[in-house]
Amino acid sequence: MKYGIVGATGRVGQILVNIIKNSDDSIGAVMFEGPQTIEFEKETVITNDAKTLLENSDVVIDFSAPAATQSVLEAAIENPKPLVIATTGLNDHQQNLMLEVSKLAPVLYATNMSLGVAILNKLVSMVSEKLRDFDIEIVEQHHHFKVDAPSGTALTLAESCAKARGLDLKEVMVTGRSGHVGARTKDEIGVFAVRGGDVVGRHTVGFYNEGEFLELNHTATSRETFARGAIKVSKWLVNQKPGLYSINDALGI
Ligand SMILES: NC(=O)C1=CN([C@@H]2O[C@H](COP(=O)(O)OP(=O)(O)OC[C@H]3O[C@@H](n4cnc5c(N)ncnc54)[C@H](OP(=O)(O)O)[C@@H]3O)[C@@H](O)[C@H]2O)C=CC1
Ligand SMILES: O=C(O)C1=N[C@H](C(=O)O)C[C@H](O)C1
C-alpha cells in the first residue's frame, strides 16, 4: 500500500515515516510546510500541494495542522481517497468538509489513535451515566509545543460524558476558573489544560462526589503509539465504503 503523509516532518509524522520505511508498504507522497528536515526514499513525491499528495497515495494519514487538513479535504472533493485524520483543533467548517468528503470516500477521524484512549472513552461514557450525581472534571497534560487547548482528546472525552447525561457540551463546558466565579453548578464539565516539558499526553477524567471520587487516567509514554494506531486503522479503512468512521469502528470495540 502507498501512504500519503500530511505533516511528515512533524513530531508524529517523522515516526510514521520511519515505521512505514521499515515495513512492506511504501510512502507515495509526503506533505509539509517548512524546510525538509528528514530524508525520504527517492520514489517518494515531496510536495506542499494536496492534489499531488492525493494523486500519489492509496490512503492518506494526516498529523499536521488545521490549515493543512483543510487543503487536503478541499482537494479530496475532486480526488477522493481514504483519509485517516488525526489533526486536532479543527473548526466547524473543517469538520463539515470532512463530512462532505466522507460521502465520496471512507474517512476516519480520531482525536487520539491509541487503543487505551478508545477504551477510556467507552469507560467514561458508562461512568458518566451511572454516577449521575458526580461532578466531572477533566485535566489534560501535554508538552510545551502543543498549540491547541484543550486537547482534541479531552474534548472528545468531555463530549462522551455530556452525551451520556443528555447534556449539550457547549452549554456545560468550563475551561477556566478565576476570581469570584461562584460555586460549581451541577452540570458543569470542567476541562483544563496543563502544558510543560515533554509530556506526550496524559488525560484524567475525574468523577467527584461527597465522600468519594473516581479518577480514570490514560498516559501515553511514546508517540509511536499514535503512529502505529494510525497505520492499523488505515489498513482497515482502505477496505471500507465511503462514510465517516470512528476509531471504535476500526477496532471493533
Ligand atoms: N489523533 C492523535 O492520536 C494525535 C493527534 N495529534 C495531532 O496531530 C497534529 C500534529 O502534531 P505534531 O506532530 O505534534 O505537530 P508538529 O508541529 O510536530 O508537526 C506538524 C506537521 O504539519 C506540517 N504543517 C503544518 N502546517 C502545515 C500546512 N499549512 N501545510 C502543510 N503542512 C503543514 C508541519 O510542517 P512544517 O514543520 O514544515 O511546518 C509538520 O510537518 C496536532 O494537531 C496534534 O494535536 C498528535 C498526536 C496524536
Ligand atoms: O498534540 C499532541 O501531542 C497530541 N494531541 C492529541 C490531542 O490533542 O488530543 C492527542 C495526544 O494527546 C497528543
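Remarks
- Selection within the range 15-30 - crowded, with 18+ Cβ neighbours inside 10 Å and under 22 Å from the mean Cα position of the chain (by Cα): I15, L16, V17, I20, I27, A29, V30
- Within the range 122-142, the set of residues being touching a residue at least 40 places away in the same chain (Cβ under 8 Å) and in a helix (DSSP H, G or I) comprises K122, L123, V124, V127, S128.
- Any hit, the range 62-70, residues being within 15 Å of ligand 1 (Cβ to nearest atom), among the charged types (D, E, K, R) and more than 16 Å from the chain's Cα centre (by Cα): no
- Meeting the requirement of 2 or more residues that are more than 16 Å from ligand 2 (Cβ to nearest atom) and closer than 16 Å to A227 by Cβ, the helices (runs of 4 or more DSSP H) wholly within the range 10-84 are 11-21.
- All conditions but one from (1) among the aromatic types (F, W, Y); (2) within 16 Å of ligand 2 (Cβ to nearest atom); (3) in the same structural domain as G10 (by TED's automatic domain parsing) apply to W236; the one that does not is (2).
- Qualifying position, being modelled with pLDDT of 95 or more, more than 15 Å from the chain's Cα centre (by Cα) and either within 9 Å of ligand 1 (Cβ to nearest atom) or open to solvent by 70 Å² or more (accessible area, probe 1.4 Å) (or both), among E33, E55: E55
- Subset of the range 102-129 that is open to solvent by 20 Å² or more (accessible area, probe 1.4 Å) and among the small types (G, A, S) - its residue that is farthest from ligand 1 (Cβ to nearest atom): S125
- Every test in (1) open to solvent by 50 Å² or more (accessible area, probe 1.4 Å); (2) closer than 23 Å to D92 by Cα is passed by G152 save one, and that test is (1).
- Just one residue in the set F192, F207 is modelled with pLDDT of 95 or more and in contact with a Phe, Trp or Tyr (Cβ under 6 Å, 6 or more places away or on another chain); that residue is F207.
- Once the range 159-203 is narrowed to residues that are within 27 Å of F145 (Cα to Cα) and touching an Asp or Glu at 6+ places or on another chain (Cβ under 6 Å), the residue that is most open to solvent (accessible area, probe 1.4 Å) is A193.
- Condition met for K163 (within 20 Å of the chain's Cα centre (by Cα) and within 16 Å of ligand 1 (Cβ to nearest atom)): no
The values are calculated or read from the model by the stated rules, or taken from the named source; none is laboratory data. As the structure is a computational prediction, the values presented were derived from the model and not from experiment. Counting neighbours? That spans all protein chains shown, and the Cβs are built from the backbone with ideal geometry, glycine included. The protein model used for the area step is the full one, side chains on, heavy atoms only, and it has no ligands, DNA or RNA in it. Shrake-Rupley method; radii C 1.70, N 1.55, O 1.52, S 1.80 Å.
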